[in-house]
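The structure under discussion appears below in the form of structure tokens.
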Amino acid sequence: MFVKCPDCGREIEVEEPKRSHKGLWIVLAIVLLLGIGAGGAGYFFYEQTQGQSEQYAYENAIQSNEPAVLQNFLDIYVTAPQAHRETVTDRLEKLKKIDAEWMNVIRSKSKTALLKYMMLYPQNVHNIEARLIIDSLDWELAANVNTIASYKTYLDNHSDGLYFDVAKANYESLTEEAKRQEAQQKGDSLNAAIQQQESQAVEVPASGL
């Protein structure tokens, strides 16, 4: 490196000072430490979040009456605590057993069996379907008997039934027909009585000679 002498005006070669990289290494070390710290904190946060997510899913699963929800928990949280997996598995097996009983009830087509199932498992997801089946069975019975009493029974037991409007129309129609027939019978009886009285009035008693 050449510099100009202020006294003589000549250029003099001088040695260029060496640059120190110590400061750079310090900066790199700090950055590396910060990166490691951030990574550790991120991993800790991830683990904590995963744990909270698993706990929430576990609580949701054990409160569910749907086998698919419990099976989904077992499929996703393979590394969940053993106690959680055992509890969910046990509940899943119980629900599968209840579902098997439901299939037997469906095949029986028995109102008694449906009512018994609903009484044993009041919170089961199949209860809505059971009520609809019972509604249909009671409607079929009412329609087959086709009397005022049969429709009245259906209306009393199924105020929100699928066939309520039809049952009500049939009930009212049969009721009106019964009233009409009763009125006609009374009219016929009255006419018969009048005719009998008139026939007796025109009879002339036989006179003795």
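No other residue among GLU54, GLU59 is in a helix (DSSP H, G or I), at pLDDT below 95, surrounded by fewer than 12 Cβ atoms within 10 Å (Cβ to Cβ) and not hydroxyl-bearing (Ser, Thr, Tyr) apart from GLU59. Answer yes or no: is there a residue in segment 134-143 that is at pLDDT 95 or above, assigned to a helix (DSSP H, G or I), closer than 21 Å to LEU114 by Cβ and in contact with a Leu (Cβ under 7 Å, 6 or more places away or on another chain). Checked segment 134-143: at least one residue is at pLDDT 95 or above, assigned to a helix (DSSP H, G or I), closer than 21 Å to LEU114 by Cβ and in contact with a Leu (Cβ under 7 Å, 6 or more places away or on another chain).
Residues of segment 77-95 that are loosely packed, with under 13 Cβ neighbours inside 10 Å and either closer than 20 Å to PRO122 by Cα or within 22 Å of the chain's Cα centre (by Cα) (or both): ASP90, GLU93, LYS94.
Look at segment 130-145: where a residue is of a type in the set (Asp, Glu) and a partner is part of a helix (DSSP H, G or I), sitting 6+ places away or on another chain with Cβ atoms under 6 Å, you get ASP138/TYR154.
Would you mention how many residues in segment 63-76 are in contact with a Ser or Thr (Cβ under 8 Å, 6 or more places away or on another chain) and either surrounded by fewer than 16 Cβ atoms within 10 Å (Cβ to Cβ) or farther than 23 Å from MET118 by Cα (or both)? So the count comes out to 1.
Taken over segment 149-191, the criterion of being within 16 Å of ILE134 (Cα to Cα), of a type in the set (Gly, Ala, Ser), open to solvent by 70 Å² or more (accessible area, probe 1.4 Å) and part of a helix (DSSP H, G or I) is satisfied by no residue. Considering only residues in segment 119-142 that are among the acidic types (Asp, Glu) and buried (at least 16 other Cβ atoms within 10 Å of the Cβ), the one that is nearest to GLY161 (Cα to Cα) turns out to be ASP135.
The values are calculated or read from the model by the stated rules, or taken from the named source; none is laboratory data. Treat the numbers as computed from the prediction; the structure is a model and nothing was measured. Cβ atoms come from the backbone with ideal geometry, glycine included; neighbour counts cover every protein chain shown. Side chains are part of the model used for accessible areas, which takes the heavy atoms of the whole protein and leaves out ligands, DNA and RNA. Shrake-Rupley method; radii C 1.70, N 1.55, O 1.52, S 1.80 Å.
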